[in-house]
Each structure stands twice: as C-alpha cells, then as structure tokens.
Amino acid sequence: ENGKVPNIVYGYDKIKGELFSLKINEKEADIVRYIYDLYLRQDYGANKISKILNSKGLKTKRGCRWNQNGICRILTNPIYTGKVINGKEEVKDFLTGTREKKPEDDWIITYNQNLRIISDEDFYSATALMKKRNEDFNMNRTRQSNRFPFSTLIKCMDCGYSFRRVHRTFKH
C-alpha cells in the first residue's frame, strides 16, 4: 500500500537513506527509451536489441551483458510508466518458500509519476506487440530467420518448434 519498490531496477537508482524509494537514473532511462524505440518504431526483436546494446558496450544494472530475457522484462515492467504493483504472490509455505499467485483484483497498485520513463501508450503498444509476436510464433511454430541455410528445416517431434543455431563463446 505504501508503493514499495524492488531493490534493483534498470533505469532507477536507490535513494540513499530510504529503504523503498527510487529515483530515475537519466543515463539508464535514456537506454530504456532507446529499447522501446528499437522495439516499437524500428521493429527489432528483443534478441536483436540485446545484440545492439552489447555491441555498443552497454551493460545491465549488475554489469552483465544484455540478453533477450532482460529486454523482455524491461518491455513488460509497468514500473516504467510509474505504476508500482505489489502483492502479486503470497508465500504459502515459508519453510519451502513456495509461492502462490494472487488474483489481479487483490494486487496492490500505486502510481508514482516521479518514476515515469515511458508513456502508457508505448508500454501497452509494446506488450501488445510482444503478445502478437508470441501468438504468431506459437501458431506457426516456425522461426522467421533464414540467415542460415538450414533454418526452420529441423523440427522437434514433440512440440513442432523449429530448431535454431546457437553460438556461444566461453572464456576460460
């Protein structure tokens, strides 16, 4: 009910001396806006956006390389519109840490316009586009990439998804 916020959120810094307060980090906020611009206006996907950010030498809040999941979390986190949501889950068994999702009507939602980085319109456009792309992918069960000669040709017998090439470089 007090609008408590998470400890580490890209685009924000903790206010020293206050437990649950954030302030906008303008440098990171510009990158959040850039991510939304790439996704909505330049039609890049989350994976491509992570590659663009990594090629520019930009790092996450914890100093790591960007990945697809991190971009998707930014595109779907309502805190960037100033909307802080608490109470989505409750701990059912504190010994095991098992949690149970609560109905949306029971969530505690507070609005803090000081935390707004993007417009509601951009946020809802991004989540709708992500949902549409996900539905399109799940309906076709094929990858859209034809960058490599055997893309979309090998399919999983169980789920029908196309296999994809993954290249990783490990440092020793």
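A few comments on the model shown:
- Restricting the range 109-139 to residues that are of a type in the set (V, I, T) and open to solvent by less than 60 Å² (accessible area, probe 1.4 Å) leaves a set whose member that is farthest from the chain's Cα centre (by Cα) is T110.
- Selection within the range 45-71 - open to solvent by 50 Å² or more (accessible area, probe 1.4 Å) and either part of a helix (DSSP H, G or I) or touching a Cys at 6+ places or on another chain (Cβ under 7 Å) (or both): N47, K48, K51, S55, Q68, N69
- In the set (1) free of Cβ contacts under 8 Å to residues at least 40 places away in the same chain; (2) farther than 22 Å from Q113 by Cβ, D37 fails one condition alone, (2).
- Here Q42 meets the list (1) under 18 Å from the mean Cα position of the chain (by Cα); (2) under 24 Å from V166 (Cβ atoms); (3) loosely packed, with under 13 Cβ neighbours inside 10 Å almost entirely, failing just condition (2).
The values are calculated or read from the model by the stated rules, or taken from the named source; none is laboratory data. Worth saying up front: this structure is predicted, and the values here are computed from it rather than measured. Don't worry about glycine lacking a Cβ; one is built from the backbone with ideal geometry, like all the others, and counts go over all protein chains shown. In case anyone asks, the SASA skips ligands and DNA or RNA and just uses the protein heavy atoms, side chains included. Shrake-Rupley method; radii C 1.70, N 1.55, O 1.52, S 1.80 Å.
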